[in-house]
Amino acid sequence: MLIPNNSPSLLPWEDNDPSPQWSEVFGNNNPLALEIGCGVGDFVVQMAALHPELNFIALDFYNKGCIKTCKRVDKSGLTNVRVLRAEARSFIEACIRPGSLRTVIINCPDPWPKLRHRKRRLVNTGFVSYLSGFMESGANFYFATDFDDYGVDVADFMVEQAGFSNVLAPDRYRHTLEGYPISKYMRRFLDEGKQIYYVHYKKQPAAN
Ligand SMILES: C[S@@+](CC[C@H](N)C(=O)[O-])C[C@H]1O[C@@H](n2cnc3c(N)ncnc32)[C@H](O)[C@@H]1O
């Protein structure tokens, strides 16, 4: 059974519900930033404090994580974050207008370390191509992982990904990223002595 979540930061949404009107939800027309798999929300509260010019949607299908994220957002007093409990693709499909996201963030997605499970990974070339349709020209795509094989895989396929340019070029990835907060999972892995792989691309303007 789901633990009820009555936080004002939660935006209740179920599959098949109509899309929220984002300018009404946030009370302004600021561009949207989407964090997929926000976990317990420590990253999004830091990022949203650094970027008051963006409206953040913190998305996760894990209810307890959403509750913790809401508590953090409520405590922070931030008005530019809403938390949604939903699966990424069904939410995006239903609630995000094509070409409207200014930023997409994916930190430490489940690594599926076993070779036979790798096809379950969220981030692959098909998913980035799908996301691209919902991103505006010049939008940021951030990916971070502690998992070497996932980091190198994303860094390698992004070089070939149509319609994106590498902000970190000539590097494919870096192990530090200035101005980018540390999430709970990143902190855990850094404390274990592991390195984080950061990938940062921008969507190129469409060719005429
Ligand atoms: C390993 S945790 C990382 C949490 C956080 N990003 C961090 O770095 O601390 C991955 C999170 O992504 C969520 N997640 C995975 N696939 C998802 C999907 N398709 N839609 C929404 N959330 C997803 C999981 O529920 C989990 O909370």
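Taken together, the values in this text are just the output of simple stated rules run on the coordinates, not laboratory data. The structure displayed is predicted, hence computed values, not measured ones. Virtual Cβ from ideal backbone geometry, glycine too; neighbours counted across all protein chains shown.
Of note:
- Within the range 50-74, considering residues that are in a helix (DSSP H, G or I) and polar (S, T, N, Q), the one surrounded by the most Cβ atoms within 10 Å (Cβ to Cβ): T69
- Counting the residues of the range 45-66 that are within 12 Å of the ligand (Cβ to nearest atom) and in contact (Cβ under 8 Å) with a residue 60 or more places away in the chain gives 5.
- Scan of the range 75-99 for residues that are away from the ligand (no atom under 14 Å from the Cβ) and either outside any helix (DSSP H, G or I) or polar (S, T, N, Q) (or both), ordered by number: S76, G77, L78, T79, N80, V81, R82, R97, P98, G99
- Each residue in the range 135-147 was checked for being away from the ligand (no atom under 13 Å from the Cβ) and either of a type in the set (S, T, Y) or closer than 20 Å to P181 by Cα (or both), and 4 pass.
- The residues of the range 52-68 that are in contact with a Ser or Thr (Cβ under 8 Å, 6 or more places away or on another chain) and within 17 Å of R102 (Cα to Cα), listed by number, are L54, A58.
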